[in-house]
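Chemist: Just passing along the structure, written as structure tokens.
The values are calculated or read from the model by the stated rules, or taken from the named source; none is laboratory data. Everything numeric here is computed off the predicted structure, so don't read it as measured data. FYI the Cβ positions are ideal-geometry reconstructions off the backbone, even for glycines, and counts take in every protein chain you see. What goes into the accessible areas is simple: the full protein's heavy atoms, side chains included, and nothing from ligands, DNA or RNA. Shrake-Rupley method; radii C 1.70, N 1.55, O 1.52, S 1.80 Å.
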Amino acid sequence: MDRPDTPAIRLTGLKKRYGTGDAAVDALKGVDMTIWPGEVVGLVGPSGSGKTTLLKCLGAVIEPTGGHMELAGETIYDHGWKIPDLRALRRDRIGFVFQAPYLIPFLDVTDNVALLPMLAGKDNAAARRRALELLTALDVAHRARAQVSQLSGGEQQRVAIARSLANHAPIILADEPTAPLDSERALTVIRILNEMAVQYQTAIIVVTHDEKIIPTFKRIYHIRDGKTHEEAGEGRAI
Amino acid sequence: MINLAGRDILHGWGKFLFTGVGLGLLIGATLTMAGVFRGMVDDGQVLIDNSGADLWVVQQGTLGPYAEPSSIRDDVWRGISGMPGVAETGNAAYLTIQMAHAGRETRVMIVGIEVDRPNRPGAPPYLAAGRPILQGHYEAIADEKTGLKLGERVRIRRHDYTVVGLARRMVSSSGDPMIFVPLKDAQEIQFLRDNDALVNERARTAANPAFNRPGVPGLLEAAQGAATQSRNVNTVLVRLTPGADPEAVASEIRRWKRLTAYTRAQMEDILIAKLIATSAKQIGMFLVILAIVTAAIVAFIIYTMTLAKVREIAVLKLIGARNRIIAGMILQQALGLGFIGFLVGRVSAGLWGPAFPKYVLLLPADAIAGFVIVMAICALASLFAIRAALAIDPAEAIGG
Ligand SMILES: Nc1ncnc2c1ncn2[C@@H]1O[C@H](COP(=O)(O)OP(=O)(O)OP(=O)(O)O)[C@@H](O)[C@H]1O
Ligand SMILES: [Mg+2]
């Protein structure tokens, strides 16, 4: 597969220290990472190794304490944020899928997904059209008008994935997206993510502990003691 | 953009409505409080208006006849009616009694009015039913609130009176309904003692050598008659000719008759500013406390509602919602709560207002002011919740 010229994500020496003084925790001690558009990369490591911390830094949810971060060739962080509007960055360029699919309970399935384009300034009809398109692609369109609480765990997770894709975000960060699912459903979610990556040229990072899905990645980053090293995965077909 | 506040409310509308209704009852109590105060002011106002007087002539140095006792001879009107600017005068006597009728006790104000010719000030300006008093004795016009019916006979002290007319909103300054009777009857009710007292009084006068002198025939009878007959009234109501200056006539009366005279403006000051000043402060205190309680409750409810949404708010921030959207959602919910509360409050005050024993006057202007205050309180109270919401860390949405 031929690669585009600019990586979707490039991290060099990214550091994150929580707290100060005696209580300080060095969660990331200099992470190097390059992710290309259209690929699904696994991020694995023992508990407390800094996986979530890395995703939070990537998603501009917390501020790193050192290093350099580039998204699509644009410097986002270099010993300090380099862009003023982090919320707009999150809204337009990053999709999140969490371990538990935190959907908004007072909105129905369609509007949970449509909310993102709406926040980005799309009119309601266009946003809902986009939502329905994604829900169809993720095979939950038949639940489009349902309340979130009426969905199964797997359906909720698929809605969350649809939401993360709603603004055509070039990057999706998924923190243990399959944890609440049985292995068959977990594989389905990973298959969908792979399809989306190919279809929309999205760069996707998936944090996981799940032995069943680790073999599906073509590339895996291992993280231990706040440092990463890259490894080729099996890239097993699902 | 969809309305997040509205969606959240619809999602848990039962809870929201229930809270709104609870808040509404509190607001209703507050509006009723204001209505009670307005009712008191209105009672004073209608008392002044319905008396048909431009001047009140009372005992020197008193704030009579409504706020303080006043007693003047019932012939001073003769001197006053001849004065320039005076169109018509009327004696009036007031006394509040406890009336037992049809097994019910009512506090009523007996008003003695001149009935010798129509149009003397003091009589009710219009009747809801029946006719004016035509007989010099034992006829009455009753306010509807007494519960009396046309043609009914009611016993007041020693005599039975026939209700010949019904009046509306004729109340004393403390809201007691009025019963109008001929002046002579009112004087009798007011100043005559019961038979035993009279017998005692006569005996005492007879035992007094000063009144019971041998060789002065008729002295004892005259003394006894004077003691048992009342020639006093509480006030002379004066109606002025059109164009006459009330203050000028009042000062003439003060100067020449050695009586105190009040103009309409002065009487309003006595009835509305002085007489109910303490009650007004009392109600004012209540209003302040209720406003604070309302603010505290709204703040608490909105704060709790917001804290229950910490996760959703964190997600909203994470997916890029602006602070404006989040603050707007909370503010709209607070205002929505206030709106429901106000509606419920206004409706419930309107429903239970008439059941209050005293007049409750709900002014549209008060309702508008109340609405503005409720909305302002809600907006202010939501600030705590908004501050808490803006402090929520989007990282909380991700968890570990
Ligand atoms: N807000 C914080 N303040 C202080 N220390 C933190 C904070 N968040 C995480 N840490 C610490 O940083 C380290 C990395 O945490 P992180 O949540 O990134 O681990 P993880 O790899 O996601 O673990 P898990 O697999 O259990 O989710 C841990 O030692 C953790 O205790
Ligand atoms: Mg984690």
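Chemist: Being away from chain A (no Cβ under 11 Å) and part of a helix (DSSP H, G or I) narrows it down to one of B:Leu316, B:Leu290, so name that one.
Modeler: B:Leu290
Chemist: I'd like to check something: does region A:80-100 contain any residue that is within 14 Å of ligand 2 (Cβ to nearest atom), surrounded by fewer than 21 Cβ atoms within 10 Å (Cβ to Cβ) and touching a residue at least 60 places away in the same chain (Cβ under 8 Å)?
Modeler: Going through region A:80-100, the residues within 14 Å of ligand 2 (Cβ to nearest atom) turn out to be A:96-100.
Still in the list and also surrounded by fewer than 21 Cβ atoms within 10 Å (Cβ to Cβ): A:99-100.
Within this subset, residues satisfying the condition of being touching a residue at least 60 places away in the same chain (Cβ under 8 Å) are A:99-100.
There is at least one residue in region A:80-100 that is within 14 Å of ligand 2 (Cβ to nearest atom), surrounded by fewer than 21 Cβ atoms within 10 Å (Cβ to Cβ) and touching a residue at least 60 places away in the same chain (Cβ under 8 Å).
Chemist: Quick one: how many residues across region A:195-214 are more than 16 Å from ligand 1 (Cβ to nearest atom) and either small (Gly, Ala, Ser) or buried (at least 21 other Cβ atoms within 10 Å of the Cβ) (or both)? Walk me through how you get there before you give the answer.
Modeler: Going residue by residue through region A:195-214, those that are more than 16 Å from ligand 1 (Cβ to nearest atom) are A:195-204, A:212.
Remaining after also requiring either small (Gly, Ala, Ser) or buried (at least 21 other Cβ atoms within 10 Å of the Cβ) (or both): A:196-197, A:202-204.
Residues flagged as more than 16 Å from ligand 1 (Cβ to nearest atom) and either small (Gly, Ala, Ser) or buried (at least 21 other Cβ atoms within 10 Å of the Cβ) (or both) within region A:195-214 amount to 5.
Chemist: Shifting gears a bit: I'm trying to understand the selection: among the residues of region A:93-114, which are at the interface with another protein chain (Cβ under 7 Å from one of its Cβ atoms) and over 13 Å from the mean Cα position of the chain (by Cα)?
Modeler: A:Tyr102, A:Ile104, A:Pro105, A:Phe106, A:Leu107, A:Asp111
Chemist: Next question. So which residues in region B:96-146 are part of a strand (DSSP E or B), free of Cβ contacts under 8 Å to residues at least 60 places away in the same chain and either within 11 Å of B:Met178 (Cα to Cα) or touching a His at 6+ places or on another chain (Cβ under 6 Å) (or both), if there are any at all? First the steps, then the outcome.
Modeler: First, pick out the residues of region B:96-146 that are part of a strand (DSSP E or B): B:96-101, B:104-113, B:121, B:123, B:129-130, B:139-143.
Retained after the next criterion (residues that are free of Cβ contacts under 8 Å to residues at least 60 places away in the same chain): B:98, B:100-101, B:104-105, B:129-130, B:139-143.
Of everything in region B:96-146, those that are part of a strand (DSSP E or B), free of Cβ contacts under 8 Å to residues at least 60 places away in the same chain and either within 11 Å of B:Met178 (Cα to Cα) or touching a His at 6+ places or on another chain (Cβ under 6 Å) (or both) turn out to be B:Ala140, B:Ile141, B:Ala142, B:Asp143.
Chemist: Let me ask you something else. How many residues are farther than 16 Å from A:Glu70 by Cβ and open to solvent by less than 20 Å² (accessible area, probe 1.4 Å) if we restrict to region A:29-40?
Modeler: 2
Chemist: For region A:9-18, does any single residue satisfy the condition of being within 13 Å of ligand 1 (Cβ to nearest atom) and of a type in the set (Phe, Trp, Tyr)? Don't jump to the end; show me each part of the working.
Modeler: Restricting attention to region A:9-18, the residues satisfying the condition of being within 13 Å of ligand 1 (Cβ to nearest atom) are A:14-18.
From the residues that got through so far, the ones that are of a type in the set (Phe, Trp, Tyr) too are A:18.
Checking region A:9-18: at least one residue is within 13 Å of ligand 1 (Cβ to nearest atom) and of a type in the set (Phe, Trp, Tyr).
Chemist: Next question. Can you pull out the strands (runs of 3 or more DSSP E) entirely within region A:29-83 that have at least 3 residues that are of a type in the set (A, V, I, L, M, F, W, C), under 28 Å from A:Thr216 (Cα atoms) and out of contact with any Pro (no Cβ under 7 Å at 6 or more places or on another chain)?
Modeler: Result: A:40-44.
Chemist: Against the condition buried (at least 19 other Cβ atoms within 10 Å of the Cβ) and within 14 Å of B:Gly345 (Cβ to Cβ), how does B:Ala34 come out, does it pass? Working first, answer last.
Modeler: On the way: buried (at least 19 other Cβ atoms within 10 Å of the Cβ): yes; within 14 Å of B:Gly345 (Cβ to Cβ): yes.
Yes.
Chemist: Does any residue of region B:381-391 turn out to be over 30 Å from B:Val310 (Cβ atoms), open to solvent by 30 Å² or more (accessible area, probe 1.4 Å) and away from chain A (no Cβ under 14 Å)?
Modeler: No, region B:381-391 contains no residue that is over 30 Å from B:Val310 (Cβ atoms), open to solvent by 30 Å² or more (accessible area, probe 1.4 Å) and away from chain A (no Cβ under 14 Å).
Chemist: Here is a further query. Kindly indicate whether B:Ile340 is more than 16 Å from ligand 1 (Cβ to nearest atom), farther than 29 Å from A:Gln99 by Cβ, in a helix (DSSP H, G or I) and in contact with a helix residue (DSSP H, G or I) (Cβ under 6 Å, 6 or more places away or on another chain).
Modeler: Considered against the rule, which asks whether it is more than 16 Å from ligand 1 (Cβ to nearest atom), farther than 29 Å from A:Gln99 by Cβ, in a helix (DSSP H, G or I) and in contact with a helix residue (DSSP H, G or I) (Cβ under 6 Å, 6 or more places away or on another chain), B:Ile340 comes out as yes.
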